[in-house]
Amino acid sequence: MEIKAKLKDGITTVKAMAKHPMLTYDTAKKQGVEANFITHITATLNDKVVVLDMSTSQFLSKNPIIKFSFKGAVAGDKLTMTWVDLLGNTETSDSVVK
Amino acid sequence: MERRKFLGFGIFAAAAAFVPGTLSAEDYRKTKPAVWTAHTVEDAIAKMYGTNVTIEQGVTLTAPDVAANGGAVPVDFSSEIPAKSVAVFQSSNPEAAVCAMTLNENSVIDYSIKMKLKQSGTIVVVVEGKDGKLYSAKKTLSVALGGCEG
């Protein structure tokens with residue numbers, strides 16, 4: 001995942017992009033393959049506090065880009081993002097709040 | 001963690017992945033599977049929150065009036081309401097629920113996502129306030145080129 005986390009006036013804004021085909025059931029059926037899309041994305045600060053907890057569907061775009069915000073971080077904090085998909089694959093990436 | 005697979009339209013897999021240290025992470029795909037198979041927005045909201053009555057204020061929803069590419073429609077939404085969760089629904093696709101976020105005391109409701117819309121329709125964002133009420137905003141838009149590849 002590509003993650004950019006910027007802190008300004010106490011609020012951290014994160015732009016994250018996951019690489020995933022986000023294949024819907026309809027499209028997968030047409031292609032004769034199994035549908036697969038990210039179902040859950042989380043972001044954690046310093047491995048302690050959850051700052052994003054998003055359950056998702058087949059309807060986010062391919063290579064989904066998500067922007068979200070939260071309070072409570074300071075520059076240098078570690079931001080870890082993880083996604084899980086329908087078939088159980090998962091990917092975790094770390095970044096630093098700047 | 002157990003791994004279960006349900007065949008059929010509402011298929012989902014309980015993955016063995018963790019969520020670290022968390023007090024508040026909730027995977028709504030596991031805890032509320034019926035939300036993700038609901039066809040209409042009203043039905044999905046009702047399955048998520050127990051009611052589909054919402055107050056249309058307090059939520060800002062921005063999306064283009066005409067989406068040139070239905071495969072990646074930018075949707076921005078924000079709210080100042082102290083809330084427990086936020087969810088996005090739309091009426092264009094075979095199922096209505098797009099995503100749902102659990103919030104905690106650090107959360108700021110200010111999100112941007114890119115979603116797929118098969119055809120013109122209405123996007124609805126629902127904010128579940130800590131007061132137990134549902135607040136929402138709607139946006140109807142046209143889609144020039146459908147986004148579910150057919």
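Readers should treat all values here as calculations from the given coordinates under stated rules, not as data from a laboratory. In this text the structure is predicted, and so the values were computed from the model without any measurement. Positions of Cβ are generated from backbone atoms using ideal geometry, with glycine treated the same way; all protein chains shown enter the neighbour counts.
As a proxy for reagent exposure, B:Thr54, A:Thr12 were ordered by neighbouring Cβ count within 10 angstrom, fewest first; the result is B:Thr54, A:Thr12. For segment A:12-26, 3J(HN,Hα) computed residue by residue from phi via the Karplus equation (6.51, -1.76, 1.60; θ = phi - 60°) reads 9, 10, 10, 10, 10, 10, 9, 9, 7, x, 6, 7, 6, 4, 4 Hz, glycine and proline entered as x. For chain A, the mean projected area of the C-alpha convex hull, equal to one quarter of the hull surface, is 5.7 nm².
Projected label points at A:Leu87 and B:Thr51, each 7 Å from Cα along the beta carbon direction, are separated by 4.3 nanometres. The mean number of Cβ atoms from other chains found within 10 Å of a Cβ in peptide A:84-92 is 4, as a whole number.
Taken about its Cα centre, the protein assembly as shown carries a charge dipole of about 320 debye when Lys and Arg each add +1 at the Cβ and Asp and Glu each add -1 at the Cβ.
In this structure, the amide hydrogen of A:Asn63, modeled 1.01 Å from its nitrogen in the peptide plane, lies closer than 5 angstrom to those of A:His20, A:Met22, counting only residues at least 5 positions away or on a different chain.
Karplus-derived 3J(HN,Hα) values for segment B:51-61, using 6.51 cos²θ - 1.76 cosθ + 1.60 with θ = phi - 60°, are 8, 10, 8, 10, 9, 7, 7, x, 10, 9, 10 Hz; glycine and proline are entered as x. Eigen-decomposition of the gyration tensor built on the alpha-carbon atoms of segment B:54-145 gives equivalent ellipsoid semi-axes of 24, 12, 11 angstrom, largest listed first.
Checking the cross-link pairs A:Lys19/B:Lys84; A:Lys15/B:Lys32; A:Lys19/A:Lys67; B:Lys47/B:Lys139; A:Lys98/B:Lys84 against a 23 Å limit on the alpha carbon distance flags A:Lys19/B:Lys84; A:Lys15/B:Lys32; A:Lys98/B:Lys84 as lying beyond it.
Would you mind checking A:Lys78/B:Lys138; A:Lys4/B:Lys30; A:Lys48/B:Lys133 for any pair whose Cα atoms are more than 32 angstrom apart? Exceeds cut-off: A:Lys78/B:Lys138. About the centre of its Cα atoms, segment B:28-143 shows a dipole size close to 400 debye [charges on the beta carbon of Lys, Arg (+1) and Asp, Glu (-1) only; nearest 20 debye]. For A:Leu79, the residues 5 or more places off, or on other chains, whose built amide H falls under 5 Å of its own are A:Asn46, A:Ser95, A:Val96, A:Val97. Most tightly packed first, judged by the mean number of other beta-carbon atoms within 10 Å of their residues, the peptides A:16-24, A:73-81, A:53-61 read A:53-61, A:16-24, A:73-81.
Between B:Ile109 and B:Ser79, the built amide H atoms are under 5 Å apart, and every one of these is 5 or more places off in sequence or on another chain. Counted over chain A, the DSSP beta bridges are approximately 95% antiparallel. Sequence-ordered 3J(HN,Hα) estimates for segment B:104-113 from the Karplus curve with 6.51, -1.76 and 1.60 and θ = phi - 60° stand at 9, 5, 8, 6, 10, 7, 7, 10, 10, 9 Hz, glycine and proline given as x.
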